[in-house]
Amino acid sequence: LVVLYYHGWNTMMIKTVQKRTAQLRSELEERTAAEEALRASVETMASTLNAIGHGILTTDASGKITRLNPAAEILTGWSLDMAKGHPVHEVVRFVDDNRKPAPNPVVAVLSGAPNAKGGPANALLTRDGKERRLADLSAPMLDRQGKLTGVVMVFRDISDQYKLEEALRHSQKMEAVGFLAGGVAHDFNNLLAGIMGFAEILQSRMAENSRDRECVAGILQTTQRAADLTA
């Protein structure tokens, strides 16, 4: 009876161990598959971010750089290895036209703004001192509980577009000045025409040997020169 009892107990224990082993093996396979899927998802996301032509950077909740994609490295002049762990305002430096520090949109989001833009009114100062005009958007990264875990900034270089727009604005200003100058010239010519007309009438009423006739001739000559200059 004792032998049978121990034999039954051993058989039951073996089955229990086998069952538990099978469960552990299944759990391990599921975990391995989940880790592989997560790794593949991360690699796909990384490849996608690296292939995007726009600059993308991320920070942690304290505002330190955690990621730069290749486009962001080119635009800022910082490599990921150099930038990682640095405060964002050291890597993404916005300046105004006088090269004085301008508000940083990432810092604004870290301070509680739902999202923020820098805009072309301010320029990004690259690591080597060059200026780039950007179109950008910064937004918070939140966990499932809605807690801020960092900020993502997407930006692209619009320096060429900005220069064209500046040239257009300058051209429009010059066109407006041209219209103004044309109007002034037209009115001034009308005044000159009146002066010349009165001078000619005055001259016609003078005797040929009158000394004042020379003065009137000087008025007509000077007025004509003014008309030529206005033209």
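The values are calculated or read from the model by the stated rules, or taken from the named source; none is laboratory data. From a predicted model like this one, the values you see are computed outputs, not experimental measurements. Virtual Cβ from ideal backbone geometry, glycine too; neighbours counted across all protein chains shown. Just the protein is used for accessible areas: all its heavy atoms, side chains included, with ligands, DNA and RNA removed. Shrake-Rupley method; radii C 1.70, N 1.55, O 1.52, S 1.80 Å.
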Practice item. Assess whether VAL107 counts as being farther than 19 Å from GLY53 by Cβ, open to solvent by less than 80 Å² (accessible area, probe 1.4 Å), touching a His at 6+ places or on another chain (Cβ under 8 Å) and of a type outside the set (Phe, Trp, Tyr). Key: yes
Check your understanding: Across segment 82-107, what is the total count of residues that are in contact with a Phe, Trp or Tyr (Cβ under 7 Å, 6 or more places away or on another chain) and under 19 Å from PRO70 (Cα atoms)?
Key -> 1
Practice item. Hey, can you tell me all the residues within segment 152-189 that are acidic (Asp, Glu), closer than 30 Å to ALA139 by Cα and open to solvent by 90 Å² or more (accessible area, probe 1.4 Å)? Key: ASP160
Exercise for review: Considering each residue of segment 128-144, count those that are touching a residue at least 40 places away in the same chain (Cβ under 8 Å), within 18 Å of VAL154 (Cα to Cα) and open to solvent by 30 Å² or more (accessible area, probe 1.4 Å), and give that number.
Suggested key: 2
Review point. If GLY53 satisfies every condition in (1) modelled with pLDDT under 90; (2) closer than 25 Å to THR126 by Cβ; (3) of a type outside the set (A, V, I, L, M); (4) open to solvent by 90 Å² or more (accessible area, probe 1.4 Å) but one, which is the exception?
Key: (4)
Revision key, fill the gap. Across segment 71-94, the tally of residues that are under 18 Å from ASP128 (Cβ atoms) and open to solvent by 50 Å² or more (accessible area, probe 1.4 Å) stands at 8
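State whether the residues of segment 98-110 include one that is under 18 Å from LEU57 (Cα atoms) and in a strand (DSSP E or B).
Scanning segment 98-110 turns up no residue that is under 18 Å from LEU57 (Cα atoms) and in a strand (DSSP E or B).
Here's the yes/no breakdown for (1) within 17 Å of THR58 (Cα to Cα); (2) of a type outside the set (Val, Ile, Thr); (3) part of a strand (DSSP E or B):
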position: GLY112; (1), (2), (3): yes, yes, no
position: GLY118; (1), (2), (3): yes, yes, no
position: ARG133; (1), (2), (3): no, yes, yes
position: ASP136; (1), (2), (3): yes, yes, yes
position: GLN145; (1), (2), (3): no, yes, no
position: MET153; (1), (2), (3): yes, yes, yes
position: ARG156; (1), (2), (3): yes, yes, yes
position: LEU168; (1), (2), (3): no, yes, no
position: LYS173; (1), (2), (3): no, yes, no
Revision key, fill the gap. GLY119 fails exactly one of (1) in contact (Cβ under 8 Å) with a residue 24 or more places away in the chain; (2) within 16 Å of the chain's Cα centre (by Cα), namely (1)
Check your understanding: Assuming LEU192 fulfils every condition listed in (1) part of a strand (DSSP E or B); (2) more than 30 Å from ALA123 (Cα to Cα); (3) not aromatic (Phe, Trp, Tyr) apart from one, which condition is it?
Key -> (1)
